[in-house]
Amino acid sequence: MSNTKSAEKAKRQSIKKRHYNLFWKEKVRILGKSIKKALQTAPKNADILNKELTALQKTLDKAAKNRAIHKNKANRIKSKFAKMVSADAKDSKSKTNSKIKTSKKPKSS
């Protein structure tokens, strides 16, 4: 039980801020999970991954703007997921190229 009116008000404010911050953090966590899940599935669609990455970046920017998370943390998370998506894209391109190279028949002389 609070002793003063100002302490009661501070408690109300902190509860509101906590819910607001948890909202943004939960949103970021869900989008991060969806990207990780999309990376683990076998038929990887680059368009879907890029859309999810854009949505995550947008959410992180908004969360940082509203001070739910620090701007440097938002940048670290964006960088981490961008690296994951680009590494996956390079990996899938190299697999495609290797399939094309191996499927060619040698020239007969």
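Throughout, read-outs are computed from the coordinates displayed, never taken from laboratory work. Computed from a prediction, not measured in an experiment: that's the story for all the values here. Here Cβ is always computed from backbone atoms with ideal geometry, including for glycine, and neighbour counts include all displayed protein chains.
The table for this structure:
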item	result
Under 20 Å from the Cα of Lys80 - aspartates and glutamates, other chains or at least 8 residues apart	Glu26, Asp47, Glu52, Asp61, Asp88, Asp91
Long pairs among Lys51/Lys71; Lys33/Lys93; Lys73/Lys93; Lys17/Lys51, criterion Cα-Cα beyond 27 Å	Lys73/Lys93; Lys17/Lys51
Fewest-first ranking of Glu8, Glu52, using other Cβ atoms within 10 Å as the exposure measure	Glu8, Glu52
Residue-averaged [θ]222 nm for the chain, counting only DSSP H segments that reach four residues, each worth -39500 (n - 2.57)	-29500 deg cm²/dmol
Approximate shape of the chain as ellipsoid semi-axes (Cα gyration tensor, √5λ), whole Å, largest first	49, 11, 8
Spin-label model distance (nm) - Glu8 vs Lys37, 7 Å beyond Cα toward Cβ	4.4 nm
Dipole of the stretch 11-87, positive end: most advanced residue of Asn72, Ile35, Thr59 [Cβ charges, Cα centre]	Asn72
